[in-house]
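Data block below; observations after.
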Amino acid sequence: MQLSFYDSMSRRVEPFVPLAPGRAGLYTCGPTVYNYAHIGNFRAYVFEDVLHRALEYAGLSLVHVMNLTDVDDKTIRGSREAGLSLREYTRKYKDAFFEDLRALSIEPASVYPAATDHIPEMIDLIRRLFDKGVAYQAADGSVYFSVAKFPGYGKLAHLDFSGMRSGVRISNDEYAKDAVGDFALWKAWDEADGPVKWDSPWGPGRPGWHIECSAMSMKYLGESFDLHTGGIDNLFPHHENEIAQAEAATGKPFVRHWMHCAHLRVNGEKMSKSLGNFFTLRDLLAKGWSGREIRYVLVAAHYRQPLNFAFDALAAARTALSRLDDFSVRMERIASASAPAAQTEAAIAGTHPHSSGPAPAVQTAGLSAPSWTERHLEAFDRAICDDLNTPLAFAAAFSLVNEGNRLAQDGAATPADAAAALAALARMDRVLGVLSRPASEAVPPRVQALLDERAAARAAKDWAGSDRLRSEIAALGWAVKDTREGQRVSKC
Ligand code: AMP
Ligand code: ZN
């Protein structure tokens, strides 16, 4: 499988060729843990999850690093307002972040380095920048990177900074630094920082945000590595500054491929904390939407297209997912049917409409996959290889569903067809992570037992019993609907 990705530096779709054959190193800028992440942030993390999954799907062994920014103006302000230590304050939001990742079926990164655990590495890197003559300490005690001294500055954002290299100094009192574009490597302590400070060769203070990512990415992935990603707002100045720091220090190319996702918007504006137009994942879960439905909305759009957030899209996701679940139930029934008698409603109810995990429990041994499922899988693979084209990948999944449903309606779907269809969906789901119900939405055994009992009651035309069982199931927090495919349950 040859993956190709759009590279933000070259601005072209290019084949992805890892530095070491068979392996990939990925760095994704993580959350600032001062509050709950909003679903705009999760658009970036879900895009990065699809990338993570696609790299593994293509057979690469992946090291994925995501940092946690646990010291900056916002975390310091928040901890002081809450009367907590910085560590106590950020702990709460780190934990919440990991909970949210699970709700969205985001595969864990290999390591989540926290900035406050890597201050010595950042100090070392700043020392190297002094040795190379690109760092200076200003009158306010802070240390800055001199953009004029790094000739490649602006290459990622395609901005021309040559004017800054003419040696014009800023004489304005507002700036302690030499040039407006210079950025802080080390921020000298001031009163607003309270107890938050570390010793350094340049006096007490704390690292700048950009140095954090250069130091931690190189620590875990080496001085040159394969992929670095974020939301498009990270491209400048954050990623431009990361390149300047890393390359000025090492003299080596920092990152091979830069990838950025477009924003999640609300009425045409970026969803952001500062505009107040945001929903956290928790807000949406509290409104009754599931993590899987939210993930569907985020994954179904191509990552480089701006996406407008709307509740209609969540409702459409709900419909699409129940179509997928109905299909899975139908195929599981056909795959496990050895005789026509098995296709009674009792048997329908006996199959579990909540297959979870990577591979459905169907017997495929001895059955060769029919070419119709292969065709959809090939279309799926082509879509993923072409810059993670998830809209086309979903189209391939739904073509498979349509074709399988047609075969089943005509009575022409064999157990081998059904098993292959389920295996194909499970394979596609290794990248999309949304086609099968996650374990967190699986039906508990007690509810399943009542469902089985209810299916038997209905088969015996015991309608009073069926209604009583429906109430019992509702009391456990699950709603039952009777469909052509049998009972369908969802969490109330
Ligand atoms: P922050 O906590 O602001 O540093 O953002 C964390 C990640 O979320 C970064 O990769 C941002 O680029 C990304 N991000 C923030 N807002 C949005 C948005 N509305 N749409 C997509 N990505 C976003
Ligand atoms: Zn970063």
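Summary of computed values
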{"quantity": "Residues (in contact with a helix residue (DSSP H, G or I) (Cβ under 8 Å, 6 or more places away or on another chain), within 16 Å of ligand 2 (Cβ to nearest atom) and more than 30 Å from Asp325 (Cβ to Cβ)) located in segment 250-298", "calculated": "Phe254, Val255, Trp258, Met259, His260"}
{"quantity": "Tabulated pairs, segment 312-336, first open to solvent by 20 Å² or more (accessible area, probe 1.4 Å), second of a type in the set (Ser, Thr, Tyr), C-beta under 6 angstrom, 6+ apart or interchain", "calculated": "Glu332/Thr351; Arg333/Thr351"}
{"quantity": "First in segment 179-203 and over 16 Å from Leu125 (Cα atoms), second anywhere and of a type in the set (Lys, Arg) and open to solvent by 10 Å² or more (accessible area, probe 1.4 Å), Cβ under 6 Å, 6 or more apart", "calculated": "Trp189/Lys197; Gly194/Arg80"}
{"quantity": "Residue in segment 106-116 that is farthest from Ala215 (Cα to Cα), counting only those that are part of a loop (DSSP other than H, G, I, E, B) and open to solvent by 30 Å² or more (accessible area, probe 1.4 Å)", "calculated": "Glu107"}
{"quantity": "Of residues in segment 201-247 being under 18 Å from Leu129 (Cα atoms), assigned to a loop (DSSP other than H, G, I, E, B) and away from ligand 2 (no atom under 12 Å from the Cβ), the one most open to solvent (accessible area, probe 1.4 Å)", "calculated": "Pro201"}
{"quantity": "Within segment 447-490, tally of residues that are among the basic types (Lys, Arg) and either loosely packed, with under 12 Cβ neighbours inside 10 Å or free of Cβ contacts under 8 Å to residues at least 24 places away in the same chain (or both)", "calculated": "5"}
{"quantity": "Qualifying residue in segment 267-281 (condition: at pLDDT 95 or above, β-branched (Val, Ile, Thr) and more than 14 Å from ligand 1 (Cβ to nearest atom))", "calculated": "no"}
{"quantity": "Residue that is nearest to Asn277 (Cα to Cα) [pool: residues in segment 15-68 that are hydroxyl-bearing (Ser, Thr, Tyr) and touching a strand residue (DSSP E or B) at 6+ places or on another chain (Cβ under 9 Å)]", "calculated": "Tyr36"}
{"quantity": "Residue tally, condition buried (at least 16 other Cβ atoms within 10 Å of the Cβ) and either closer than 24 Å to Ala262 by Cα or more than 28 Å from the chain's Cα centre (by Cα) (or both), over segment 374-385", "calculated": "5"}
{"quantity": "Single unsatisfied condition, Ser436 versus (1) open to solvent by 20 Å² or more (accessible area, probe 1.4 Å); (2) of a type outside the set (Lys, Arg); (3) part of a helix (DSSP H, G or I)", "calculated": "(3)"}
{"quantity": "Residue list for segment 387-427, filter: of a type in the set (Asp, Glu) and buried (at least 16 other Cβ atoms within 10 Å of the Cβ)", "calculated": "Asp387, Glu403, Asp417"}
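Let's see how each residue does on (1) at pLDDT 95 or above; (2) of a type in the set (S, T, N, Q); (3) away from ligand 1 (no atom under 13 Å from the Cβ):
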| residue | (1), (2), (3) |
| --- | --- |
| Phe16 | yes, no, yes |
| Leu19 | yes, no, yes |
| Thr32 | yes, yes, no |
| Ile39 | yes, no, no |
| Val46 | yes, no, no |
| His52 | yes, no, yes |
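The values are calculated or read from the model by the stated rules, or taken from the named source; none is laboratory data. The model shown is predicted, which means the values in this text are computed figures rather than measured ones. Because the Cβ atoms are built from the backbone with ideal geometry, glycine has one as well, and the counts that use them run over all protein chains shown. Please note that ligands, DNA and RNA were not included when accessible areas were found on the heavy atoms of the full protein model with its side chains. Shrake-Rupley method; radii C 1.70, N 1.55, O 1.52, S 1.80 Å.
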